[in-house]
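*Asks:* Quick one: this structure, given as structure tokens, is what I'll be asking you about.
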């Protein structure tokens with residue numbers, strides 16, 4: 001049912017985020033973003049005094065968990081494959097692959113909430129990442145964190161702290177968009193919070209809107225929103241949510257539509273709601289995901305799997321000019337059968353990691369094709385594990401690729417997938433087993449080819465006895481490099497907590513003999529101290545302390561264009577050490593402790609960035625005299 005367009009609740013804030021820190025002291029302090037609130041209009045129930053809902057296991061999907069607990073019970077799997085493909089992850093790669101991974105660095109650690117729920121967006125110069133309760137902005141070039149913040153401060157509300165974050169970067173408009181959900185009880189209350197950057201700078205001013213999530217159109221439904229999907233096309237912005245009663249029972253799925261022109265304007269932003277959405281067989285649709293449109297289109301596109309398993313997915317479209325938009329009836333697309341897999345093993349604990357059900361993960365659309373992935377069961381009995389399933393579905397409803405990617409005796413789960421302009425696929429996911437803690441991995445599938453063996457981006461180091469893990473990972477295409485995709489996800493760390501990791505890959509890069517690098521240091525006139533080297537990390541710069549007269553060396557396995565520079569904590573390059581073509585072999589260079597203008601650099605923190613044309617390495621350095 002379509003609900004008439006309503007202006008409803010609007011909050012507009014043009015407060016700037018914290019500026020990029022000018023000194024190492026302000027960088028360390030990591031000031032919260034958007035602490036200053038310039039203005040507010042009609043905030044609902046302001047002054048209620050509700051405490052933020054940030055209990056460790058009380059965020060988002062936990063309220064609906066009992067509804068889906070039965071999905072984990074053993075099921076009979078239909079083994080009829082049809083046009084389905086299966087690829088086994090046979091040869092694990094844990095060594096750096098310079099042709100693929102071009103940036104890789106640590107991001108936000110756990111802040112109260114379980115799960116982490118990772119989302120990522122990138123502009124030409126910045127990476128924005130979001131987890132439950134918190135977000136941060138990084139410089140793309142150096143990986144340096146520029147700023148960070150809590151949603152409760154950024155939006156200035158106390159209805160739940162912010163969970164189930166989603167974001168994207170609209171390259172055509174030069175805007176970041178962030179969405180988080182909130183809810184609280186006593187009294188029952190739920191919100192959808194949206195922020196739109198006013199420029200391409202995520203540290204600049206944002207417009208902020210707060211909408212009452214208990215309303216559908218202008219009708220009170222007594223529901224709160226969960227497990228959102230955020231998408232867009234050339235004209236509109238789309239948010240899909242599952243709506244639950246405050247007692248935890250699923251009620252209906254909802255699609256909300258905004259005019260991009262209105263939402264980006266920083267003034268009024270009305271919406272259209274479609275609720276009670278059903279599959280073609282009359283069953284309730286669940287976890288519908290709007291597509292992020294990666295090529296020009298004025299049509300909104302949506303896809304949903306069957307969370308408890310099935311042999312089809314549903315697709316919908318929204319057409320028309322806002323507010324006169326129309327939602328199509330569901331189209332059924334038959335695929336190979338899928339079912340809910342078992343929770344994952346981990347070493348050091350009998351507690352299993354929650355791998356979720358078969359609900360849809362994020363969807364991207366490019367040139368007539370939907371791309372998505374989800375978690376499914378592979379195998380039977382005590383040999384059953386979870387695998388990840390990749391789909392490429394056309395607008396006409398035909399299946400171009402239907403691939404199960406699995407590893408014997410290993411659980412793969414929570415995939416995030418996208419494709420570059422050449423049709424190459426990149427995918428991030430977690431994996432664990434009886435001998436491996438929850439770790440973040442990636443793989444790629446060249447256009448028309450097969451998935452490759454997985455590559456570990458960062459290793460988990462400890463078990464997680466809560467069992468509850470992450471509902472989703474993040475993926476974003478780089479607007480300044482059509483062949484580059486950014487990945488964001490979680491891994492297990494000590495004290496029963498999670499942490500997150502950012503990586504950028506070039507799925508279109510092929511090459512049997514890429515330029516691999518091994519950076520090291522040699523003593524100069526002053527001491528150079530080396531950090532311990534982790535297994536398999538021999539291609540990383542391990543110098544942590546520099547002094548004038550230091551000598552740096554690196555190895556090239558192929559003739560390459562090499563750029564090696566030093567950057568200060570603000571991300572400004574202070575010295576270009578190498579910028580040109582170098583031959584295969586070992587290279588040694590001396591550094592005199594001066595910047596490009598010949599001035600002696602002051603002591604403190606700097607960053608070395610090594611780019612061999614096929615891989616980028618960034619290392620934090622301390623300059624001493």
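*Asks:* Compute the Cα gyration tensor for the range 224-324, then decide on rounded, prolate or oblate, letting a ≥ b ≥ c be the square roots of its eigenvalues: rounded whenever a/c is under 1.5, prolate when a/b is larger than b/c in the other cases, and oblate in all that remain.
*Replies:* oblate
*Asks:* Then there is this: How would you rank 487, 391, 294, going from fewest to most other Cβ atoms within 10 Å of each one's own Cβ?
*Replies:* With the sparsest Cβ surroundings first, the list reads 294, 391, 487.
*Asks:* For a quick size check, give me the Cα extents of the range 154-297 along its three principal axes, largest first, whole Å.
*Replies:* The Cα atoms of the range 154-297 stretch 41, 38, 23 Å along the principal axes, largest first.
*Asks:* Hey, how much of the P(r) for the range 104-175 falls beyond 20 Å, as a percent of Cα pairs?
*Replies:* Counting pairs separated by more than 20 Å, the tail of P(r) holds 31 percent.
*Asks:* Restricting things to alpha carbons, tell me how big the range 397-507 is in terms of Rg and Dmax, in Å.
*Replies:* 14.6, 47
*Asks:* Ranked by Cβ crowding within 10 angstrom, fewest neighbours first, how are 259, 308, 435 ordered?
*Replies:* 435, 308, 259
*Asks:* Restricting things to alpha carbons, find the Rg to Rh ratio for the range 208-254 using the Kirkwood radius for Rh.
*Replies:* We get a ratio of 1.01 for the range 208-254.
*Asks:* Multiplying the sequence separation of residue 245 and residue 172 by 0.36 nm and subtracting their Cα-Cα distance, what value in nm do you get?
*Replies:* Additional length available on full extension: 22.5 nm.
*Asks:* Kirkwood Rh over Cα pairs of the range 60-505 into Stokes-Einstein at 25 °C, 0.890 mPa s: D in µm²/s?
*Replies:* Taking Rh from Cα pairs, D becomes 114 µm²/s.
*Asks:* I'd like the antiparallel share, as a percent to the nearest 5, of DSSP beta bridges with both residues in the range 290-379.
*Replies:* Among the beta bridges of the range 290-379, antiparallel pairing accounts for roughly 85 percent.
*Asks:* Cut-off is 10 Å between beta-carbons; in what order do 286, 87 appear when sorted fewest neighbours first?
*Replies:* Lowest count first: 87, 286.
*Asks:* Could I ask something else about it? Sorted from largest down, give the three principal axis spans of the alpha carbons of the range 368-425, whole angstrom values.
*Replies:* Computed over the range 368-425, the largest-to-smallest principal extents equal 40, 21, 14 Å.
None of the figures in this text is laboratory data; all of them are computed from the coordinates on show. Computed from a predicted structure; not experimentally measured. Cβ coordinates were reconstructed from backbone atoms using ideal geometry, including for glycine residues, and neighbour counts include every protein chain displayed.
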